[in-house]
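What follows is a short report on a single structure.
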Amino acid sequence: MDILEFYGLREDPFRLTPDPLFFYSSAGHNDALQSLHYLLKQREGFCLVTGEPGTGKTTLLNVFKGECGDNAEIALILTPSLPPEDFLLAVLDDFNITAAASGKNEILRAFRDFLLKKSEAGLPVVIMVDEAQNLPDETLEELRLLSNLETHKDKLLQIILFGQPELEQRLGRENLKQLNQRISVRVKLKPLSSAETMDYVNYRLIKAGKGCLRLDDKLLKPIHHFSSGIPRIINLLSSRAIMSAYIEGSNVVTPRHVRYAVRHLADNAAETGNGSLRRILHILTALIIVIAGGMTGYRYIEQRFITATAEKNLPLQRQHGEITSQAAMTAEKAVQENPVPASENVQTVTVTVQAAHVRSGPSIESGSLSMVTNGAILQVAGEFKENTGEKWYKVITPDNNEGWVSGRVVTVE
Ligand SMILES: Nc1ncnc2c1ncn2[C@@H]1O[C@H](COP(=O)(O)OP(=O)(O)OP(=O)(O)O)[C@@H](O)[C@H]1O
Ligand SMILES: [Mg+2]
């Protein structure tokens, strides 16, 4: 029985897509949405929406576009790292405008005609750019020039830039000053508050059908602490925590499952080399440091990530041992059947991440025996290659224990 059937859910409640159907209107998201409608109504010209990764900019953009429906002409540019002329062509393409000839003058003329026609029909025209922090300076300048298109009364074109906070800093630079001055509406998306985080999780669950899945009352506080209220991290944590409860066959998700989720995400970040997950690891590690100061309940997690000591008595590890997945067992079995001898010369690897797990088998699913920190030199006793090409090294740790480390977290001497 798969996880959705098991809990009687219609769909995955914590998918990582910016799906407007799952939009939760937090105070901040609602303000932002109202500001965008205001921009449209007042024909204000330029608007900037910024927020940390995962705070919901793309989701907001999709919701706004959906709410505008046929009451506005909207071009959506999702790959903004285009030079000015290609950017203009992408805009024209999105509006279905065909220029009589291919030169820039012709393109601009066709665009202006389109704007005037829509203005006469009383329809606002909007260009929305997602990931606008990737716009080259020259394309930003082109946008500024476009925003000059106006009649005596109104701006003919509204431009909304969605980007990460560094975009705001960039716009503060001397060469982009003129554009910066034209931005009349600025919206900053903030992470969710603790109460909103709880609402958000429940809301998404209800949207997905909820079924027989129950959340322990104490669950949402750690989710908020570990996610810092950032929806994408809330989704990742909730989804992992539910998976952990499912593996145990439990229909109640508890704080222990959240701790498992935190650990799993941190492991993935360290061992897959995934950039955005690494960012999450940093956030989680920072949070753990903060939390460790005030919340004794999470002390052991702090220990888990920040110190390199063995974790022999941690309950989570025992639990993890009991639920060792099929993948880990398969990998361990493969090694037993086809042992790879160590090379005759003593080979070593050096740990290149803040903290790496030494595992009982050559798989990310194998239980963690201990941890080694950045710079530790480990003697290699064997190797294993997964079907995916991922390498694992059997190592002897400084305290003379054997275990496996992922090739992603070490360099080979
Ligand atoms: N208000 C919200 N309601 C429901 N889900 C949300 C909301 N805000 C964010 N999410 C969820 O969080 C995840 C990340 O959201 P989104 O992609 O919109 O963030 P972003 O700010 O565009 O991130 P990035 O800067 O990385 O592009 C998505 O799974 C989305 O469904
Ligand atoms: Mg986005």
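The values are calculated or read from the model by the stated rules, or taken from the named source; none is laboratory data. Small disclaimer: the values here were computed from a predicted structure and weren't measured. Cβ atoms come from the backbone with ideal geometry, glycine included; neighbour counts cover every protein chain shown.
Details
- Meets criteria (farther than 22 Å from Leu265 by Cα and within 16 Å of ligand 1 (Cβ to nearest atom)) for Ile206: yes
- For the stretch 29-37, the criterion of being hydrophobic (A, V, I, L, M, F, W, C), surrounded by fewer than 22 Cβ atoms within 10 Å (Cβ to Cβ) and in the same structural domain as Leu135 (by TED's automatic domain parsing) is satisfied by at least one residue.
- Pairing residues of the stretch 119-133 that are within 12 Å of ligand 2 (Cβ to nearest atom) with residues that are in a loop (DSSP other than H, G, I, E, B), at Cβ distances under 6 Å and at least 6 apart in sequence or on separate chains, gives Val129/Pro80; Asp130/Leu78; Glu131/Pro80; Ala132/Pro80; Gln133/Gln164.
- Residues within the stretch 204-253 that are of a type in the set (Ser, Thr, Tyr), surrounded by fewer than 22 Cβ atoms within 10 Å (Cβ to Cβ) and in contact (Cβ under 8 Å) with a residue 40 or more places away in the chain, tallied: 3
- Scope the stretch 53-76; condition buried (at least 18 other Cβ atoms within 10 Å of the Cβ) and within 16 Å of ligand 2 (Cβ to nearest atom); matching residues: Gly54, Thr55, Gly56, Lys57, Thr59, Leu60, Leu61, Asn62, Val63, Phe64
- Taking the criterion of being of a type outside the set (Lys, Arg) and closer than 15 Å to Asn148 by Cα, the residues of the stretch 102-113 that qualify are Leu108, Phe111, Asp113.
- When Ile233, Ile183 are checked against the criterion of being within 16 Å of ligand 2 (Cβ to nearest atom) and within 21 Å of Thr50 (Cα to Cα), Ile233 stands alone in meeting it.
- Within the stretch 20-46, the set of residues being closer than 27 Å to Leu123 by Cβ and within 16 Å of ligand 2 (Cβ to nearest atom) comprises Pro20, Phe23, His29, Ala32, Leu33, Leu36.
- Restricting the first member to the stretch 59-81 and to residues that are more than 13 Å from ligand 1 (Cβ to nearest atom), and the second to residues that are among the hydroxyl-bearing types (Ser, Thr, Tyr), the beta-carbon pairs closer than 9 Å and six or more apart or on different chains are Ser81/Thr139.
- The criterion of at least 2 residues that are touching a strand residue (DSSP E or B) at 6+ places or on another chain (Cβ under 7 Å) is met by the following helices (runs of 4 or more DSSP H) wholly inside the stretch 112-213: 137-147, 165-171.
- For the stretch 38-58, the set of residues classified as part of a helix (DSSP H, G or I) and either away from ligand 1 (no atom under 14 Å from the Cβ) or outside the structural domain of Leu161 (by TED's automatic domain parsing) (or both) consists of Tyr38, Leu39, Leu40, Lys41, Gln42, listed by residue number.
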